[in-house]
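What follows draws every value from the coordinates through simple rules; no lab data is involved. All values reported here derive from a predicted model rather than from experimental measurement. Methodologically, a virtual Cβ is constructed for each residue, glycine included, from the backbone with ideal geometry; neighbour enumeration extends over all protein chains shown.
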Amino acid sequence: MAKITLKSGFVFDVENLYGPGKVTEEDVKAMEPAYTKAHEAVMEMRKTGIMAGHLSKDGEPEAVLFPQLPYIVEGNINNPERIMAMEELARQVRNRVDAVVFFGIGGSYLGGKVLFDVQCGEFWNLKSTEARKGYPKAFFAGNNVDSHKVSGLIEFLKADSAAKSGYTVMGVVISKSGSTIEPMSNYMVVRQAMEDAGIKFETVAVTDPHEGEKETLLHGLARKSGWPIFYVPDGVGGRFSVFSEVGLLVGALVGFDIRQFLAGARDMDKACQNPDIWQNPALLNSVLKYISGAKYGRDLEVLMPYADSLKSLSEWYIQLLAESLGKRLDKQGNVVNYGRTPIVAVGTTDMHAQTQEHQEGPKDKVVQFVSIANWKDDVVVPHMYDEYPKLAAFSGLPLSSILEAARSSNAEALIGDGRPNANYILPELTPYHLGEVMFMLCLSIAYEGEFANVDAFNQPGVEVYKKFLGGRLKKLQEG
């Protein structure tokens, strides 16, 4: 079986993606010079922060520093002092703050939401304070400008506060500049509503670290207001920032083990320093997907975790893939319009929604599964209606076994019709293994940027609509 198994138990199974009739051994051998060069470039990026051809949105050379984030050492972005600062805020919040609202969008939202979903799950805010071990209820409100949603949040917080005197809400505003429309507008609306209702409101800022001439709006506001300040680091794009204070602070405030998360990322990074493609999951992943697209026309990529709590992982990956590789120009300025369209799916839910198209639609997709080998909270279907054969067929089985049987059946059906798929297998759903898979995906993107000769660390397409939006907002103000 074609797969990579790490010491941690993490498995990257490519049996249905690599081999005769799929991406062939000859395909991979032909790419060896390109992937060897790409590996050397990523190794150089680790050491120096330099990725040839990467420029900031201002057209200036810019460091790429996300590979250092898993390492908690003096002089790094995630140094011991910064990790302890987040843990200290979490201690101060615990059993004191009733609700925390995170105001962020894009990379300032999606990564932290994954950590929340894995740690807390869908029913976190319905649990008692004791069941939450003193950690606050948590909400995400800066990821759109939707008055229906924010009004509902305000009404909930007002009603929730009625049952407790001294009710406290903390707003965590995550924006490098402080002028990002969605989080800042939501923050101002919620804060004003809380103050009008007599509810105590505190603010924490996660923003650009610089003071003086380079100080951003939010940093200056936070400094003048005396708010605690955490950092959106230089050299780390938002889609890679889940391993920085941008994502880690969200995790810390709900009891997620941020040190284990970074440990998983660190061990994955060490594994991916191996130049042997069959020992390096990120390199193998990027090569197989690049060949699938470039040679076989697989220009759509479905990330389909078999876990409800990992739907947000797929949503995070949407941004990572789309912003990094969806590029009009290559590094020499030639028009290439490179990229794959990412698609969010969840098993088994989307087997009843998308699989019809995956199985019989155009052969333009690579499907990637994420599965959990061992569920710590598994439950068994009771023998309740054994007189009905169709219900007896799955009575007595753990839900995890049914889930994996569905996934493997989906995989077998797809490859049986020449539709490639692969599987990332996490031994358990823990912060450590989550760190492994998320960091592997980040490194895969870095490698593929080199194969495709595009800058995987800029996002010029995002700036285009902002110019139009600024003009429209000005006209609304004038009106």
- Each residue of the stretch 123-137 in order: what ³J(HN,Hα) in whole Hz does its phi give by Karplus 6.51 cos²θ - 1.76 cosθ + 1.60, θ = phi - 60°, with x for Gly and Pro? 10, 3, 6, 8, 7, 6, 4, 5, 5, 8, 6, x, 6, x, 4
- Go through 273-284, 79-90 and give me the packing order, highest mean Cβ count within 10 Å leading. 273-284, 79-90
- How much net charge surrounds residue 169 when only other residues with a Cβ under 11 Å from its Cβ are counted (Lys, Arg +1; Asp, Glu -1)? 0
- To the nearest 0.05, what FRET efficiency results for residue 390 and residue 467 with a Förster distance of 45 Å applied to their C-beta separation? 0.15
- Starting from 0 in steps of 10 Å, tell me what percent of the Cα-Cα pairs of the stretch 301-385 lands in each bin. 15, 35, 28, 15, 5, 2, 1
- Query: Hey, what number do you get for the chain at 222 nm if only DSSP H runs of n ≥ 4 count, each worth -39500 (n - 2.57), divided across all residues, to the nearest 500?
  - Reply: -13500 deg cm²/dmol
- Item | the stretch 117-203: GluC sites (Glu not before Pro) falling in loop per DSSP and having at most 11 other Cβ within 10 Å | 122, 130
- Task: Extending each Cα 7 Å along its Cβ direction at residue 408 and residue 335, get the distance between those two points in nm, one decimal.
- Result: 5.0
- Message: Using square roots of five times the C-alpha gyration tensor eigenvalues, list the equivalent-ellipsoid semi-axes of the stretch 66-256 in whole Å, biggest first.
- Response: 26, 19, 15
- Query: Where in the stretch 1-43 are there chymotrypsin sites (Phe, Trp or Tyr not before Pro) that are in a DSSP coil and have at most 16 other Cβ atoms within 10 angstrom of their Cβ?
  - Reply: none
- Roughly what % of Cα-Cα distances in the stretch 224-339 sit above 23 Å, to the whole percent? 48
- Task: Would you kindly calculate the translational diffusion coefficient of the chain, applying Stokes-Einstein with the Kirkwood radius from alpha carbon pairs, for 4 °C and a viscosity of 1.567 mPa s, and quote it in µm² s⁻¹ without decimals?
- Result: 55
- Added length on full extension, which subtracts the Cα-Cα distance from 0.36 nm per residue, residue 181 to residue 87: 30.9 nm
- Note on the structure: At the level of C-alpha centres, the distance separating the stretch 231-286 and the stretch 397-465, in angstrom, is 15
- Query: Considering the Cα trace of the stretch 184-268, what is its radius of gyration and what is Dmax, both in angstroms?
  - Reply: 15.3, 49
- Would you please state the base-10 log of I(q)/I(0) at q = 0.19 1/Å for the stretch 245-284, with intensities from the Debye formula using one equal scatterer on every alpha carbon? -0.60
- Evaluate E = 1/(1 + (r/R0)^6) for residue 360 and residue 56, where r is the Cβ-Cβ distance and R0 equals 35 Å; express this FRET efficiency to the nearest 0.05. 0.20
- Note on the structure: With the 8 Å Cα cutoff and a minimum separation of six or more residues, the chain has a relative contact order in percent of 20
